[in-house]
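**Q** The structure follows.
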Amino acid sequence: MYNQRDYQKQSSQRNGDFPSKLDVNLILNTKSEDTERFLGKAEQFTEEVINPKNSKISTNQLRDLYELILTLKEKDCENPKRQIAKILIKLEYAYRRGNLNSNFYEELKNLLENLLRQPESTKIKNFVDFMEAVVAYSKK
């Protein structure tokens, strides 16, 4: 049986040599005084990972993923961990089909795995806000 500890061990091994561009702490724990840095990080992430010419992610794919992410913000989301796991599964599926570039996949996966470990309401709200900014900046 595949348990959560095995998953965390495998994903930490995979992510160990990937240099993250995202400041997970800034994104998930941002406070109002960090808003400019937060938005700057979203814009930088979009410029470097989503908008390059070699990016495989389409606007529709990004919006589909964002719609799933929005369900985390709903008041009737009983089990945020389960919803985060669904988003991870959808992300993995899209990556294995070749629909996502590896940088986007690795960065978002790292962010989601951190959120999965501590799915507090403030962190979830900050993550949703970050993804909303990414979707907005991707419309260039």
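The values are calculated or read from the model by the stated rules, or taken from the named source; none is laboratory data. Remember, it's a predicted structure, so these values are computed and weren't measured experimentally. Reconstructed Cβ throughout: ideal geometry from the backbone, glycine too, with neighbour counts over all protein chains shown.
**Q** With the checklist (1) farther than 21 Å from THR35 by Cβ; (2) among the polar types (S, T, N, Q); (3) in contact (Cβ under 8 Å) with a residue 40 or more places away in the chain in hand, flag the one item SER138 doesn't pass.
**A** (1)
**Q** OK, next. Contact list please: Cβ distance under 8 Å, first residue in the stretch 99-126 and over 16 Å from GLU74 (Cα atoms), second residue among the basic types (Lys, Arg) and in a helix (DSSP H, G or I), pairs at least six apart or on different chains.
**A** What qualifies is LEU115/LYS123; LEU116/LYS81.
**Q** Looking for something part of a helix (DSSP H, G or I), among the small types (Gly, Ala, Ser), under 16 Å from ARG117 (Cβ atoms) and at pLDDT 75 or above - is there at least one such residue anywhere in the stretch 86-96?
**A** Checked against the condition, which is being part of a helix (DSSP H, G or I), among the small types (Gly, Ala, Ser), under 16 Å from ARG117 (Cβ atoms) and at pLDDT 75 or above, the stretch 86-96 yields no hits at all.
**Q** Test LEU100 against the criterion of being under 18 Å from ALA133 (Cα atoms), in contact with a helix residue (DSSP H, G or I) (Cβ under 6 Å, 6 or more places away or on another chain) and surrounded by 14 or more Cβ atoms within 10 Å (Cβ to Cβ), and give yes or no.
**A** no
**Q** Here is a follow-up. Can you confirm whether ASN110 is among the polar types (S, T, N, Q), surrounded by 18 or more Cβ atoms within 10 Å (Cβ to Cβ) and at pLDDT 90 or above?
**A** Yes: the conditions hold for ASN110.
**Q** Could you please let me know if LYS139 is of a type outside the set (Phe, Trp, Tyr), modelled with pLDDT of 90 or more and either closer than 20 Å to VAL49 by Cα or surrounded by fewer than 18 Cβ atoms within 10 Å (Cβ to Cβ) (or both)?
**A** Taking the combined requirement at face value, the residue does not satisfy it.
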